[in-house]
Amino acid sequence: MKLATLCYVQKDNQTLMLHRVGRDGDIHKEKYVGLGGKLEYKLEESPEECVVREVKEESGLEVKPVLKGMLVIYNNGGRESIQDDYFVFIYIAKEFRGQMKDKIDEGVLEWIDNQNLLNLNMWEGDRLFIKWINEKGIFSGKFIYKGNKLTNHEVVFYR
């Protein structure tokens with residue numbers, strides 16, 4: 001199981017999303033995702049250090065992350081080429097500074113009106129937890145995928 005982070009940077013009723021259109025063969029090709037990535041074991045990172053590093057690398061922004069939830073994602077059969085299972089720490093960041101990058105390798109950074117987030121092309125599970133990130137408290141859950149299909153999920157809220 002791999003450890004990873006996701007961060008949703010927010011301002012003025014908008015959320016910064018990464019439209020993954022940059023790389024051929026990308027498992028997330030054409031999907032909208034939050035910013036983040038895998039913990040670097042060689043750096044001995046905490047989840048908070050990872051999310052700050054990943055957001056800075058991907059966007060140029062320095063964030064002050066707030067933990068909103070944790071998800072275990074089981075990829076039974078893999079989502080396309082994803083064979084690994086993930087434990088993901090999910091954050092929001094309403095406080096940030098810096099100059100956003102104009103161009104990145106993975107795709108295009110876009111500020112999306114929060115009312116339009118669920119209309120984006122994204123993973124089924126993302127549609128669920130995006131609704132949870134602005135609720136009070138934190139959540140803990142699991143998603144089970146078979147191929148590209150979310151087949152089961154469970155969540156507990158701690159408020």
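The values are calculated or read from the model by the stated rules, or taken from the named source; none is laboratory data. Computed from a prediction, not measured in an experiment: that's the story for all the values here. For neighbour counting, all protein chains shown are included, and Cβ atoms are generated from backbone atoms with ideal geometry for every residue, glycine included. For accessibility, only protein heavy atoms count, side chains too; no ligands or nucleic acids. Shrake-Rupley method; radii C 1.70, N 1.55, O 1.52, S 1.80 Å.
Here's the thing: no aspartates and glutamates lie within a cross-link span of K42, going by alpha-carbon distance under 14 Å and ignoring same-chain residues fewer than 8 apart. Given R₀ = 30 Å, what would the calculated FRET efficiency be for E48 paired with H153, taking r from the Cβ atoms and rounding to 0.05? E(calc), rounded to 0.05, equals 0.75.
Dipole of the stretch 48-159 computed with +1 at Lys/Arg Cβ and -1 at Asp/Glu Cβ about the Cα centre; of F89, N75, F129, farthest Cα towards the positive end is F129. Longer than 29 Å from Cα to Cα, which of K2/K29; K38/K146; K56/K146; K103/K146; K56/K131; K29/K136 are they? Say none if no pair is. Exceeds cut-off: K56/K146; K103/K146; K29/K136. Solvent-accessible surface of protein heavy atoms, probed at 1.4 angstrom with all chains present, puts E58, E95 in the order E95, E58, largest first. Bridgeable aspartates and glutamates around K101 (alpha carbons under 16 Å apart, same-chain partners fewer than 8 residues away excluded): E54, E57, E58, E62, E110. Taking R0 as 25 Å, what FRET efficiency do you get between K101 and N13 from their Cβ-Cβ distance, rounded to the nearest 0.05? E(calc), rounded to 0.05, equals 0.65. Each Lys and Arg adds +1 at its Cβ and each Asp and Glu adds -1 at its Cβ; summed about the Cα centre, the chain shows a dipole of about 420 debye.
Solvent-accessible area assigned to carbon and sulfur over the chain amounts to 47 percent, based on a 1.4 Å probe. Taking K149 as the anchor, which aspartates and glutamates have their alpha carbon closer than 13 Å to its alpha carbon, excluding any fewer than eight residues away along the same chain? By straight Cα distance, K149 reaches E80, E124, D126. For the stretch 1-51, rounded, prolate or oblate, judged on the Cα gyration tensor with a ≥ b ≥ c (square roots of eigenvalues), a/c < 1.5 rounded, else prolate if a/b > b/c? Oblate is the answer for the stretch 1-51, as a/c is 1.5 or above yet b/c matches or exceeds a/b. The Stokes-Einstein estimate for the stretch 61-145, based on a Kirkwood radius over Cα pairs and taken at 25 °C with 0.890 mPa s viscosity, is a diffusion coefficient of 165 µm²/s.
Between K64 and K136, the contour length at 0.36 nm per residue exceeds the alpha carbon distance by 24.1 nm. Remark: relative contact order (the chain) = 29 percent; criterion is Cα-Cα distance under 8 angstrom and separation of 6 or more residues. Annotation note: trypsin sites (Lys or Arg not before Pro) in the stretch 88-149 located in DSSP loop regions with a Cβ neighbour count of at most 14 within 10 Å are K101, K103, K136. All Cα-Cα distances of the chain, cut into 10 Å bins from zero to the largest, leave 11, 41, 41, 8, 0 percent in each bin in turn.
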